[in-house]
């Protein structure tokens, strides 16, 4: 099981990324599910979803001797049934990423760099973002914007939110890694979401990073 990134943050958040090479049967053996998880797994019929589901349970073993069970809210957000830690999950192809935090709400997203994002950019970029991205934004820039908004969406848990008009990413300098500041414009006061990003081969990993000095805890 080659975990390609395992990260401990200054704010106490822990995260890991795994490039899954194993098949479903190998993952099932590695997961060693308890009865409750085995019953939940048996209800999943989609082969891809079964593999992702198992991969997350195996990845949790990197952090817990006996991994807690994950259940899902009506809006699809995961949380632990028997552990106070908070969790965020992302999949892209065979890449699986999780973030854990005992204090703040974590958010994590991993996205493969692909030209198709150029065709859908107008669906999620707001007017201010279009200004600083310019007329010909790169695949990397757009993937960071999209991934950051996925993270913000995962952090926000109070209802529907528009990626284009209610989630905004401050201008950032494109590199192989860096920090990001996002804002959720929902309600009377903007919600600040501090993040960082890192390119891993042909993927972009983005996650919350509450160790930012300019982070204002207002949610």
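Observations, loosely collected:
- Selection status of residue 111, part of a strand (DSSP E or B) and surrounded by 18 or more Cβ atoms within 10 Å (Cβ to Cβ): yes
Per-residue answers, yes or no, for (1) over 16 Å from the mean Cα position of the chain (by Cα); (2) closer than 26 Å to residue 75 by Cα; (3) at pLDDT 95 or above; (4) not assigned by TED's automatic domain parsing to the domain that holds residue 93:
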| position | (1), (2), (3), (4) |
| --- | --- |
| 133 | yes, no, yes, yes |
| 144 | no, yes, yes, yes |
| 197 | no, yes, yes, yes |
| 200 | no, no, no, yes |
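- Residue 106 being in contact (Cβ under 8 Å) with a residue 24 or more places away in the chain, part of a loop (DSSP other than H, G, I, E, B), farther than 21 Å from residue 22 by Cα and more than 15 Å from the chain's Cα centre (by Cα): no
- Among residues of the range 114-129, those that are in a loop (DSSP other than H, G, I, E, B) and over 19 Å from residue 174 (Cα atoms), counted: 1
- The one condition in (1) over 19 Å from residue 155 (Cβ atoms); (2) in the same structural domain as residue 13 (by TED's automatic domain parsing) that residue 79 fails to fulfil: (1)
- The residue of the range 114-131 that is farthest from the chain's Cα centre (by Cα), among those that are buried (at least 20 other Cβ atoms within 10 Å of the Cβ) and more than 18 Å from residue 92 (Cβ to Cβ), is 129.
- Any chance residue 206 is closer than 15 Å to residue 88 by Cα and in contact with a helix residue (DSSP H, G or I) (Cβ under 8 Å, 6 or more places away or on another chain): yes
The values are calculated or read from the model by the stated rules, or taken from the named source; none is laboratory data. Keep in mind the model is a prediction, meaning the values are calculated, not measured. Positions of Cβ are generated from backbone atoms using ideal geometry, with glycine treated the same way; all protein chains shown enter the neighbour counts.
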